[in-house]
Amino acid sequence: MQTTDLGNKESGKIWHRKPNPSTNEGIIVNIVHVDASHPSKSARFLHAGFDSAGDSFIAGDHLGNVYLFNLNRNRFDLVQKTMQACTAIAFNLHRRTEFLVALADNSVKCFDTGAKELVSWMRGHESAVTSISVHPSGRYAVTTSSDTAQLWDLDTFQRKRKLNVRQSVGIQKVFFLPLSNTILSCFKDDSIFAWESDTLACKYQLPIPEDGTKLRYKAFAITRDGRMLAAGGKSNNLHLWCLDSKQLFRIIQMPTKVRSVQQLEFLPENFDGGSSQILGVLSQDGIMRFINIQTCKLVFDIGSHDNGIVTSSVSPNGRYITSVMENGSLNIYSVQALSKELNKPPPPLVKMVDLSKDKDSTGNKSGVSGASQEKVRVSSGRTCRPWKSKDQIVRTKYLRPEDTTTSEDKENTLPAGLSKQRLQALLKGFGEYPAKYRMFIWRSLLQLPENHAAFSSLLDKGTHTQYKLLHQEYPIKSRKLLRVLQRTLSALAHWSAIFGETKYLPLLAFPFVKLFQNNQLICFEVVATVITNWCQHWFEYFPNPPINILGMVENLLAHHDKELLQHFINYGVTSQVYAWPLLETLFSEVLTREEWLRLFDNVFSNHPSFLLMAVVSYIISSRSPLLHCNQKDDFEYFFHHRNNLDIGNMIREAYHLMDTSPAEIHPRRLLSDFEPLTRGQYPIFNKYPKFIVDYQGQERERIRQEEIEYLRERQLTHKVEAEAVKRRLEDEAWYQQQELLKGAEEQRRKLLMDEEQKLLHQRQRLATVKRELRLKELQLLDAARRRFLRYQQDQRKMELRRLDDELERKMSLRERETATIAKDVEIRQMELEAQRRFFEQQLAKEQEAVTQEVKGEMDANRRRADLEEQMFWRLMETEEDLKDKKLLEESLAKAERLCVETDWKIQTLQKQKCDDQERGKRYVEVSKMTDDVREKERELCDVLKAMETRKWAEVSEKMTQLETEELASSALRAKRNQFLQERLRQEAEPVNISEDGNEYFERLRDLSRNSTQNDFSSSAERHVAENVCLNDVSASDSSTHFSLDRGRGELENRERALISEVRELRQKLATQARRKYPQLHFSETNWT
């Protein structure tokens, strides 16, 4: 079994090697659709539908992809991407390239497979569409959902009618009947109505069985002639309805393992006239069983329990079955391979009849009046496996009256249930068979065995050597017809060697090939049957025409029309002229298609001798024009071209000859009765002079070998002659060439002399021109040099002017900046002067205000002058210590900052120096760059590490020193605070002062406390404060002292702000240093 993965391909081959389906499975190919990007995910096929020809079908998957599979061309194509899952598909519209697909959004769309475009979009359903049925004409369609059915006009894609039902009764399926304008609607309550499609008037209703056999119909199937309806549902019983009598005429019981029926499909057969006898039943177990509804035997089945079938579609020609499997794949089955065993010889004709009546068939049931119901059980054995059927005896069959037929009736009984006598009566009444059933009747009359295996073995032998060049002898316009004719003739030649030597065989077989070109097996078997029965004794005188047969024709003509025979004898016209052309072409040259079909309706329905009677009848019916012919060419032309003839009169004359011819000259005496081909294998055909055929074959092979040898020798002779002619022509050409060369040499010498003279003059002129050009070149070079010098001078002048302009611009810019700065300085001086004056004014106001306040305090100040002086000097000593510490801290911060800046500059210079060195080395020596860089990096890292270690050591020492200084400063501050507090306590005890003095003392204590909390102070401020505090003699001095004492508080606030700014600056410097230093001791730094 072949497996084809569609993947992401939009077109390709369905199978890559010739399919060889087995008899057991019959699978031609298994088709899957796996996504290449996600191998674990595959698209699941949902529905498939064949076209009206049965050689192509479309299939849709759950992703919305619709593929067209052409089984004749072995090709698939992605025709549409609907992006929605399909719920139903139909592909048998009157426009062959269009198809209908029902989608999950309850809409129906029509697409074109050729243009791959949307044709129409039909909406109207409120639930999912479950089925689509197309009218036999392909112009109307019925779509069915659970709540409604709608009739569409496929020419305009407009809705014509809508069928609404009650909610309690849902619609099961609505579909067209073949060969009629009737619509059949099946509801979920098992009621079935027939409607006229034009007027939608109810024609009839099938009666509902009331004997407890309700099946809850779910699946339906109709034969191609529209006469039989099969229905099944939630039971193992099948109901067969006759739509002509509107009655239930049979109930078929499936095996017990079938609990419900999911789908029903009739399998069409060739020449069955549309009354299919094979019914496919898909049950709940995923197996589709094909049974014969007449014998109730299992023909074959498809599917398995491991991978069951979801839905199936049967091609209209009955060749293929397409099934959607449970795993989402698509199986294509060959009906020919599945039914190959059916072509074995039939079972014995004598069978025992069981006269016991079935209880269910003894009487008419209510609701089924006037029809005999019959309930039969399907046997589980297959007819294609006879060795298994011996234990599976059919228990029930048709109950018929006692057999009273005679042996003559048995001879007239045909395999398909037809009667030869009735067919002959029909033929005599109408003169021909119905064109619709003609092929079926011919097949029944000829009793074709349809030996598929034997015919396939003949085809497998290939084209016969005698018919490889058939197209040259018979240039047929249709390539298909030529190919079928070639295959049929080759199969006949492989069947019997005589047919490879028969020259007139293509003429004999051509009408049947043209008639059966779509079924090569039937074509071959029809031709073989005609040869074995109607061409008896034709090959006994091979390779000459059949003298015995022609003698029979001449005897019949002599008996029935002596005058016409004497006319033929007078003009030397023999039976090979007037009878053999009709026989070897089987009248195909002298009759039209319709006339030929009417003739062979009678030929196949009578004894093989009727063909000879038809020849004599044709001659006698044309006696008038023949009697007027007096040249042999006219006779030959007459029997090879069509003539004005009444085919009805000719056939009647043939029947008259059959009845009136004497027994001693009647061909029936020498020709055997009709014998059909045997089943399984074709009979041996050796009724010909074998030695002549073998001799002809040997002679033909000898002649072929002689022709090959002759062709080889002729080719060799032609080759030698061609070589001689070629050599002679080459010699002549060589001599002519030599003569031409001599003449050309003389001409060339003259031309050379002339050319030399011309060359000398040209050289002289060229030398003159060169000198002129050289002079011009020198002049141009001189002019260019001068122009370049002028250009350089202009450039330099422009550069000088630009430099002058730049100097002037910079000078003017500097002057403007200087003037601006001078103006800013003047403004700043003015601001400072104004501020100074403002401060002086403020001080004068404060001094004036304080003078009045101090006059009352002068006495107290004099008494405490000594004490204040002592305390002030002590405070001064403390301020000097703070000043030293502040100087130390400022010096330390400055040293640290300078150290960091110096280190950063040194490192930057070193890095730049190393970069310059490395860059120079790369330019000079590229090959040693890597080693040198690594060495330099190691050295640099070592130096940086050493510098880092040394610097961090210095930093740690400085930090230690800073901590020591801070500890000393804090100790001194604490000691000073303690000393001041002790001194203040000691002074507070002996001294008794007034309230004003106490207030002043409290303010002085606060001042001393604030002064002890400061870390640094300005030396100039301390000196000013010291000088002011020593002057306490006069009132003016006293007022100055107090004003400066108030300014000291402002200076102390500024001092605190300055110290805080210094500390913030130190922290910023330390942070910047920490940020910069880590980049210097990374060991893995790569320099570029």
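Given R₀ = 41 Å, what would the calculated FRET efficiency be for T1071 paired with K797, taking r from the Cβ atoms and rounding to 0.05?
FRET efficiency, T1071 to K797: 0.15.
Rounded to the nearest 0.05, what FRET efficiency do D112 and H640 give with R0 = 60 Å and r taken as the Cβ-Cβ distance? Could you check?
0.75
Give me the 1.4 Å probe accessible area per residue for the range 89-198, excluding ligands and nucleic acids, in Å².
Per-residue accessible area for the range 89-198 comes out at 43 Å².
Considering only Cα-Cα distances, which of the following residue pairs are longer than 22 Å: K913/K945; K246/K428; K173/K436; K160/K203?
Violating the 22 Å Cα-Cα cut-off are K246/K428; K173/K436.
Leaving out ligands and nucleic acids, note down the accessible area per residue over the range 543-671 with a 1.4 angstrom probe, in whole Å².
42 Å²
With the full set of protein chains in place, find how many percent of the accessible area of the range 543-671 is carbon and sulfur; take the probe as 1.4 Å.
46 percent
Please give the residues of the range 56-85, grouped as numeric ranges, whose backbone N is less than 17 Å from a label point set 7 Å along the Cα-to-Cβ vector of D35.
Under 17 Å, as judged by backbone N against the label point of D35, lie 61-66, 81-85 of the range 56-85.
Taking a probe of 1.4 angstrom, what is the accessible area of S275 in Å², to the nearest 10?
For S275, the solvent-accessible surface is approximately 50 Å².
Checking the a/c ratio against 1.5 first, then a/b against b/c, what shape does the Cα gyration tensor give for the range 543-671?
rounded
Determine the share of the range 431-536's accessible area contributed by carbon and sulfur atoms, expressed in whole percent, with a 1.4 angstrom probe.
Answer for the range 431-536: carbon and sulfur cover 52 percent of the accessible area.
Between S419 and K503, how high is the FRET efficiency from 1/(1 + (r/R0)^6) when r is the Cβ-Cβ distance and R₀ = 41 Å? Nearest 0.05.
With a Förster radius of 41 Å, E is 0.55.
Along Cα→Cβ, 7 Å out, is where each label goes; now give me the distance between the ones at S22 and Y204 in nm to one decimal.
Each label point is offset 7 Å from its Cα along the Cβ direction, giving 4.8 nm.
Using a 1.4 angstrom probe and counting only protein chains, how large is the accessible area of S22 in Å², to 10?
Accessible area, nearest 10 Å²: 50 Å².
In nanometres, what is the gap between the two model label sites at R749 and L807, each 7 Å from Cα along Cα-to-Cβ?
For the pair R749/L807, the computed spacing is 8.7 nm.
If you stretched the chain out fully between E857 and L766, how much longer would it get, using 0.36 nm times the residue separation minus the C-alpha to C-alpha distance?
19.9 nm
Quick check: net charge around I321, other residues with Cβ under 14 Å of its Cβ, Lys/Arg +1 and Asp/Glu -1?
Residues near I321 contribute -3 overall.
Compute the relative contact order of the range 608-748 as a whole-number percentage, counting only Cα pairs closer than 8 Å that sit 6 or more residues apart in sequence.
With pairs under 8 Å counted, the relative contact order is 27 percent.
What does the accessible area of F638 come to, in Å² to the nearest 10, when a probe of 1.4 Å is used?
Ignoring ligands and nucleic acids, F638 comes out at about 20 Å².
The values are calculated or read from the model by the stated rules, or taken from the named source; none is laboratory data. For clarity, every value in this text was computed on a predicted model and none was experimentally measured. FYI the Cβ positions are ideal-geometry reconstructions off the backbone, even for glycines, and counts take in every protein chain you see. Surface accessibility is based on the protein's heavy atoms, side chains included, excluding ligands, DNA and RNA. Shrake-Rupley method; radii C 1.70, N 1.55, O 1.52, S 1.80 Å.
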